[in-house]
Amino acid sequence: MNIKSLLIGSAAALCVVSGAQAADAIVAAEPEPLEYVRICDAFGAGYFFIPGTETCLRVGGKVRTEGQWKDPYNRDSNFGTKWHTRAELNVNTATDTEYGPLKTETIVRWDWNDGGSTGTNLLWAYITLGGFTVGKTDSQYNQFVGYAGDVIQDDVIYDGPYELNQLTYNYDSGTGFTGVISLEDSNSGTTTSAYGGSWQLSKADHYAPNVVAGLGYKAGAWQFRVVGGYDSIVEEGAIKARIDADFGVFSAFLMGGWNTDGDKLNQYAGSNQNVSACTTSDGVVHGADCGWGDWAVWGGVGVPINDKLKWNVQLAYTDSKIFEATTNVKFNPVKNLLVEPEFTYVHYDLPSDDTFSGILRFERTF
């Protein structure tokens, strides 16, 4: 009887163990948890965390198409009407660090003019951390004081260089005082000289950078900024000072520039005009006549008519007696869509020819 009970008990135990092993064998593994894209609102709208990292990413851009009649930068232009289309991709990243946000901005452009591609342009690509900026972006000579008005062709009268490599430090006190110092690429030009040799744009075996420095103060509706740039190739430079005011029903600015040598052009008091603007009837090029001379002045007004419509005007004049007037209307029929007609008039003292031009732009940003 005892032997029989032992055998029955052993068989039952084996059955229990076998059942447990069989149950373990068919249990499915737990699925890995899915990681959804998380919104990152610490750096503004549109950012999200790159999955698996603490880096925030924002992707945007624009598509623009515009027709242009005549050319305010070239009095000899006879192209009639030109159609230009552009696609632009903007990629921004941001990460919190013990020194503040570590950011990058990359802007790539593709352009198509009258049936021909002008290629790909790496417009901006730079890194910022703790007030420092290193990489390619517009000169601080322009960015720090602000560009020359809310119009498309704001640089018919040259206001400074744009895309170039730089090492920059920006200071903001948080009380309205700001400052900037920047070492900028002195060999950004694509040609060695221009305008009858009066402007050296780049130079072989030249290692010294250009230097830009500025100070500013903002209080309420008023802002004042001054900036200077030194061209280490030409060994001359220029200073610009600007006042902005926002009166609510309209905003206005006044900006003046002084060239350290009015008989020369340099990176900070140069020219965007075609060489025809400084060529006499006998074919002699007086390069300085394409630029400011000793000084230049710009002014502008912007009037928001309603939340969809704004009118702008910009005027500029130089010591070399070049006068420019531009006006436009910016119309946003729906959010992120711009329709912008613009008209520009330019008068030259040498050779005393007038230029009229117009643009009709359509632009969708995202």
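Where nothing but the Cβ of Lys and Arg (+1) and of Asp and Glu (-1) is charged, how large is the charge dipole of region 215-366 around its Cα centre, in debye to the nearest 20?
The calculated dipole for region 215-366 is roughly 1000 debye.
When the helix-only estimate is applied to the chain (DSSP H runs of n ≥ 4, each -39,500 (n - 2.57), divided by the residue count), what is the mean residue ellipticity at 222 nm, nearest 500 deg cm²/dmol?
On the way: 2 runs with 28 residues, N = 366.
Value at 222 nm, helices only: -2500 deg cm²/dmol.
Pull out the extension gain between V249 and V37, defined as 0.36 nm times the separation in residues minus the alpha carbon to alpha carbon distance; nm, one decimal. Write out the running numbers ahead of the final one.
Values: separation 212, 0.36 × 212 = 76.32 nm, distance 4.21 nm.
Stretched out fully, the V249 to V37 stretch lengthens by 72.1 nm.
Gap in Å between the Cα centre of region 295-334 and the Cα centre of region 124-161?
Taking the Cα centre of region 295-334 as reference, the centre of region 124-161 is 19 Å away.
If you stretched the chain out fully between F362 and Y169, how much longer would it get, using 0.36 nm times the residue separation minus the C-alpha to C-alpha distance?
Details: separation 193, 0.36 × 193 = 69.48 nm, distance 3.57 nm.
Value of the extension gain: 65.9 nm.
Eigenvalues of the Cα gyration tensor times 5, then square-rooted: what semi-axes does that give for the chain, in whole angstrom, largest first?
Working: eigenvalues 730, 116, 95 Å².
In descending order the semi-axes read 60, 24, 22 Å.
Run the reach check for K330 against lysines, Cα to Cα strictly under 24 Å, same-chain hits fewer than 8 apart removed. What comes back?
The qualifying lysines are K62, K70, K82, K308, K310.
Relative to the longest principal axis of the chain, what angle (0 to 90°, nearest 10) does the C-alpha long axis of helix 2-25 take?
Taking the Cα atoms of the chain, the angle to 2-25 is about 10 degrees.
With a cut-off of at most 16 other beta carbons within 10 Å, and DSSP calling the residue loop, which chymotrypsin sites (Phe, Trp or Tyr not before Pro) in region 81-131 qualify? Please list them. Present the calculation step by step, with values, prior to reporting the outcome.
Values: sites: W83, Y99, W110, W112, W124, Y126; in loops: Y99.
Taking region 81-131 and a limit of 16 other Cβ atoms within 10 Å, the loop chymotrypsin sites (Phe, Trp or Tyr not before Pro) found are Y99.
What is the Cα centroid distance between region 52-85 and region 193-220, reported in whole angstrom?
Spelled out, the Cα-based centre of one part sits 25 Å from the other.
Obtain the nm distance between the two label points defined at W222 and I127 by a simple spin-label model: each point lies 7 Å from its Cα along the Cα-to-C-beta direction.
Placing both labels 7 Å along Cα→Cβ, they lie 4.1 nm apart.
Just subtract the alpha-carbon distance of W83 and N336 from 0.36 nm times their residue separation and send over the number in nm, one decimal. Can you show the working numbers first?
Working: separation 253, 0.36 × 253 = 91.08 nm, distance 2.17 nm.
The W83-N336 span can extend by a further 88.9 nm.
If you take the square roots of the eigenvalues of the alpha-carbon gyration tensor of region 216-366 and sort them as a ≥ b ≥ c, do you get rounded (a/c under 1.5), prolate (a/b over b/c) or oblate? Walk me through the numbers on the way to the answer.
Values: a/c = 2.39, a/b = 1.43, b/c = 1.67.
Oblate, since a/c reaches 1.5 and b/c is not below a/b.
Using a basic spin-label model with each label point 7 Å from the Cα along Cα→Cβ, how many nm lie between T191 and W311?
Between T191 and W311, the label points sit 4.0 nm apart.
If you put +1 on each Lys and Arg Cβ and -1 on each Asp and Glu Cβ, how big is the dipole of region 290-352 around its Cα centre, in Debye rounded to 20?
With only Lys, Arg, Asp and Glu charged at Cβ, the dipole is about 380 debye.
Where does the Debye-calculated log10 I(q)/I(0) of region 69-198 sit at q = 0.11, 0.20, 0.22 Å⁻¹, using only Cα point scatterers of equal weight, no solvent?
Ignoring solvent entirely, the Cα scatterers give -0.55, -1.43, -1.52.
I want to check the label-to-label distance for V303 and W112. Put each point 7 Å from Cα in the C-beta direction and report it in nm to one decimal.
In this crude spin-label approximation the distance works out to 3.8 nm.
Taking a 1.4 Å probe, which of W311, W199 shows the most accessible area, and what order do the others take after it?
Working: W311 100, W199 15 Å².
Order by accessible area, largest first: W311, W199.
Relative contact order for the chain: what percent, with Cα pairs under 8 Å and sequence separation of 6 or more? Working shown, then result.
Working: 898 pairs, mean separation 47.9, N = 366.
Dividing the mean separation by the residue count of the chain yields 13 percent.
Using bins 5 angstrom wide from zero, how does P(r) for region 303-362 break down, in % of all Cα pairs?
Final binned percentages: 5, 17, 22, 18, 13, 10, 8, 5, 2.
Along the positive direction of the dipole of the chain (beta-carbon charges: Lys, Arg +1; Asp, Glu -1; about the Cα centre), which of P72, H286, F250 reaches farthest?
The listed residue farthest towards the positive side: F250.
Would you kindly state the longest site-free stretch of the chain, with sites defined as GluC sites (Glu not before Pro) in a DSSP loop (not H, G, I, E, B) surrounded by at most 12 other Cβ atoms within 10 Å?
Numbers: sites that count: E35, E54, E98.
Between the exposed loop sites, the longest stretch runs 99-366.
Return, ordered by residue number, the residues of region 131-175 whose backbone nitrogen is under 16 Å from a label point located 7 Å along Cα→Cβ of T120.
Label zone hits: none.
Among the lysines, which fall within straight-line cross-link reach of K321, defined as a Cα-Cα distance under 16 Å, with same-chain neighbours fewer than 8 residues apart omitted?
K264
The values are calculated or read from the model by the stated rules, or taken from the named source; none is laboratory data. These figures come from a predicted structure and were not determined experimentally. Counting neighbours? That spans all protein chains shown, and the Cβs are built from the backbone with ideal geometry, glycine included. These area figures cover heavy atoms from the full protein model, side chains too; ligands, DNA and RNA do not enter into them. Shrake-Rupley method; radii C 1.70, N 1.55, O 1.52, S 1.80 Å.
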